[in-house]
């Protein structure tokens, strides 16, 4: 017999003992209850497209460094199908040095007379690294070269984790001051890729315009983005008529602003006057948007929230499905992740501590399983979901 000194202690212990007894009885009953699992292998639900074989990151100049090559080699070796890789800053002006939320290829400058000067050395090193590993680029056409930007003020930034995130949005975010020069740059870039890698290889690539133009990554309007898309898609197709071109890579579609931007773009594709050709309608091969979750620190522990990410995917697929003439197009979730700042480590953002264990992989696997369910619900096809996985802790 146990004797306790206080009445509340006796009451608490009784509750614990009763709960323990109840759990033991429940476990015994559950163990004796037969469970039947039926799998009908003769009734396929649909094709299980390997939409997980897509990866991305902000800083392209890490690609060809030792650790970058090692990581890409490991990713490629793990996949039974070719991996697609997406990176920011492929057209940004600079010296090619890697930094947080930054990168550059210096592919476009101008001489003293304002004539274009093209340089493919750095972008070749990036794409060579992919091709050598059997990977394909998801080519992000951006950002604005310094010689073409219409925005005055600083161009490069020097952001560090913990700094104001808005500090990264400098003159590279702007529309071009000359759309014809921009289009010619894109045209020459595609031609160069065909010459270097071969037409058949480049036909496997996806060409998309910009990143998250509904927020400060793009300092122009939605209409100016549509104009840039028209000139860009025309230039890509002029160089390679069978190329796959798409966009607009907006942020979380459950956001009112992102949803409105995505709809503005799709409306323009269907009924708008093409700025580059003057004709009605615009060529589009795939539709892209982003979907992020929202982990939080609760009682000293990181609590994940896959529901936020999945609701964003659900909203985006719902928008695509609402366009009868476009819902047959493949969807690429250009960034599909637990949260939205790959360069923000756990020291400045404690909620990102999930990256330091198996939570990241478990969460990612769980969300991929639900992505298939969501595409089936909406009657659309997800071609790929990019894991923005080059992170810092």
Count of residues meeting criterion [surrounded by fewer than 22 Cβ atoms within 10 Å (Cβ to Cβ), assigned to a loop (DSSP other than H, G, I, E, B), touching a residue at least 40 places away in the same chain (Cβ under 8 Å) and within 19 Å of the chain's Cα centre (by Cα)] in region 62-82
1
Being farther than 22 Å from residue 138 by Cα and either at pLDDT below 95 or assigned to a loop (DSSP other than H, G, I, E, B) (or both) is the filter here; which residues of region 249-269 pass it?
254, 255
For residue 96, which of the numbered conditions (1) in a loop (DSSP other than H, G, I, E, B); (2) exposed (fewer than 14 other Cβ atoms within 10 Å of the Cβ); (3) free of Cβ contacts under 8 Å to residues at least 40 places away in the same chain fails to hold?
(2)
Report yes if some residue within region 253-261 is more than 22 Å from residue 92 (Cβ to Cβ), out of contact with any helix residue (DSSP H, G or I) (no Cβ under 6 Å at 6 or more places or on another chain) and buried (at least 22 other Cβ atoms within 10 Å of the Cβ); otherwise report no.
yes
Would region 372-382 turn up any residue that is in contact (Cβ under 8 Å) with a residue 12 or more places away in the chain, part of a loop (DSSP other than H, G, I, E, B) and under 30 Å from residue 207 (Cα atoms)?
yes
Among the residues of region 270-284, are any touching a helix residue (DSSP H, G or I) at 6+ places or on another chain (Cβ under 6 Å), surrounded by 17 or more Cβ atoms within 10 Å (Cβ to Cβ) and in a helix (DSSP H, G or I)?
no
Do we have residue 140 as under 27 Å from the mean Cα position of the chain (by Cα), in contact (Cβ under 8 Å) with a residue 12 or more places away in the chain, surrounded by 14 or more Cβ atoms within 10 Å (Cβ to Cβ) and within 28 Å of residue 200 (Cα to Cα) here?
yes
In region 343-374, anything over 21 Å from residue 298 (Cα atoms), under 17 Å from the mean Cα position of the chain (by Cα) and buried (at least 17 other Cβ atoms within 10 Å of the Cβ) is listed as 343, 367, 371
Region 166-209, subset under 30 Å from residue 346 (Cβ atoms) and surrounded by fewer than 15 Cβ atoms within 10 Å (Cβ to Cβ), residue nearest to the chain's Cα centre (by Cα):
166
Quick one: residue 293 ticks every box in (1) within 30 Å of residue 242 (Cβ to Cβ); (2) modelled with pLDDT of 95 or more; (3) touching a strand residue (DSSP E or B) at 6+ places or on another chain (Cβ under 8 Å) except a single one, so which number is it?
(1)
Checked region 52-61 for anything assigned to a loop (DSSP other than H, G, I, E, B) and either out of contact with any helix residue (DSSP H, G or I) (no Cβ under 8 Å at 6 or more places or on another chain) or surrounded by 22 or more Cβ atoms within 10 Å (Cβ to Cβ) (or both); matches are 53, 58, 59
What about residue 338, is it in contact with a strand residue (DSSP E or B) (Cβ under 9 Å, 6 or more places away or on another chain) and over 22 Å from residue 311 (Cβ atoms)?
no
Within region 144-165, is even one residue surrounded by 15 or more Cβ atoms within 10 Å (Cβ to Cβ) and more than 28 Å from residue 216 (Cβ to Cβ)?
no
Hey, can you tell me all the residues within region 192-213 that are more than 19 Å from residue 176 (Cβ to Cβ) and free of Cβ contacts under 8 Å to residues at least 60 places away in the same chain?
194, 195, 198, 199, 200, 202, 203
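The values are calculated or read from the model by the stated rules, or taken from the named source; none is laboratory data. It should be emphasised that the depicted structure is a prediction, and the values quoted were computed from it without experimental measurement. Every residue, glycine among them, receives a Cβ derived from its backbone with ideal geometry; neighbour counts consider all protein chains shown.
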